[in-house]
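To start, the structure under review is shown below, and the notes come after it.
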Amino acid sequence: MSSHQVKLYSKGVVLGYKRGLRNQHENTSLVRVQGVNKKDDTDFYMGKRVAYVYRASRKAPAVMKHARKSNKVRVIWGKVTRSHGNSGVLRVQFRKNLPGQAIGASVRVMLYPSRV
């Protein structure tokens with residue numbers, strides 16, 4: 001068995017929401033992924049899952065019968081829908097819109113589902 005680590009996700013940063021000059025659309029967030037600087041590089045990430053992991057003030061109840069202990073860590077899941085602009089930024093739609101505190105925060109861009 002080899003001892004090398006397998007990379008499960010790439011690091012990303014939430015830049016803000018999709019917007020025009022006067023209106024912003026909170027249902028789509030803009031994410032910059034580490035090492036992606038061109039529009040051509042974004043094609044690999046289309047359809048990939050994105051996780052915004054954050055810490056809440058209260059513990060979430062253990063929903064399932066055999067679930068692990070409840071803790072304060074929560075996740076909002078999203079999906080990469082398309083690229084944004086020419087500099088390698090991604091548009092991501094989350095299941096629930098990201099809160100304003102998420103702007104500037106880090107996200108995990110999972111390397112699945114695979115399209116190979």
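The values are calculated or read from the model by the stated rules, or taken from the named source; none is laboratory data. All figures in this text were calculated on a predicted structure; none of them were measured in a lab. All Cβ positions, even for glycine, are placed from backbone atoms using ideal geometry, and neighbour counts span all protein chains on display. The protein model used for the area step is the full one, side chains on, heavy atoms only, and it has no ligands, DNA or RNA in it. Shrake-Rupley method; radii C 1.70, N 1.55, O 1.52, S 1.80 Å.
Can Ser29 be described as modelled with pLDDT of 95 or more and of a type in the set (Gly, Ala, Ser)?
yes
I'd like the residue in region 28-40 that is touching a strand residue (DSSP E or B) at 6+ places or on another chain (Cβ under 7 Å) and surrounded by 12 or more Cβ atoms within 10 Å (Cβ to Cβ) and, out of all such residues, is farthest from Gly100 (Cα to Cα).
Restricting to residues being touching a strand residue (DSSP E or B) at 6+ places or on another chain (Cβ under 7 Å) and surrounded by 12 or more Cβ atoms within 10 Å (Cβ to Cβ), the top hit is Lys39.
Looking at (1) assigned to a helix (DSSP H, G or I); (2) without any contact (Cβ under 8 Å) to a residue 40 or more places away in the chain, which is the only condition Thr42 fails?
(2)
With respect to Gly104, is the statement that it is in contact with a Lys or Arg (Cβ under 9 Å, 6 or more places away or on another chain), within 30 Å of Asp43 (Cβ to Cβ) and at pLDDT 95 or above true?
When the stated conditions are applied, Gly104 does not pass them.
State all residues of region 1-25 that are assigned to a strand (DSSP E or B), under 18 Å from Gly85 (Cα atoms) and either of a type outside the set (A, V, I, L, M) or open to solvent by 70 Å² or more (accessible area, probe 1.4 Å) (or both); if no residue qualifies, say none. Even if it seems obvious, please write down each step before you answer.
We begin by selecting, within region 1-25, every residue assigned to a strand (DSSP E or B); these are 9-19, 24-25.
Still in the list and also under 18 Å from Gly85 (Cα atoms): 12-19, 24-25.
Matches in region 1-25: Gly12, Leu15, Gly16, Tyr17, Lys18, Arg19, Gln24, His25.
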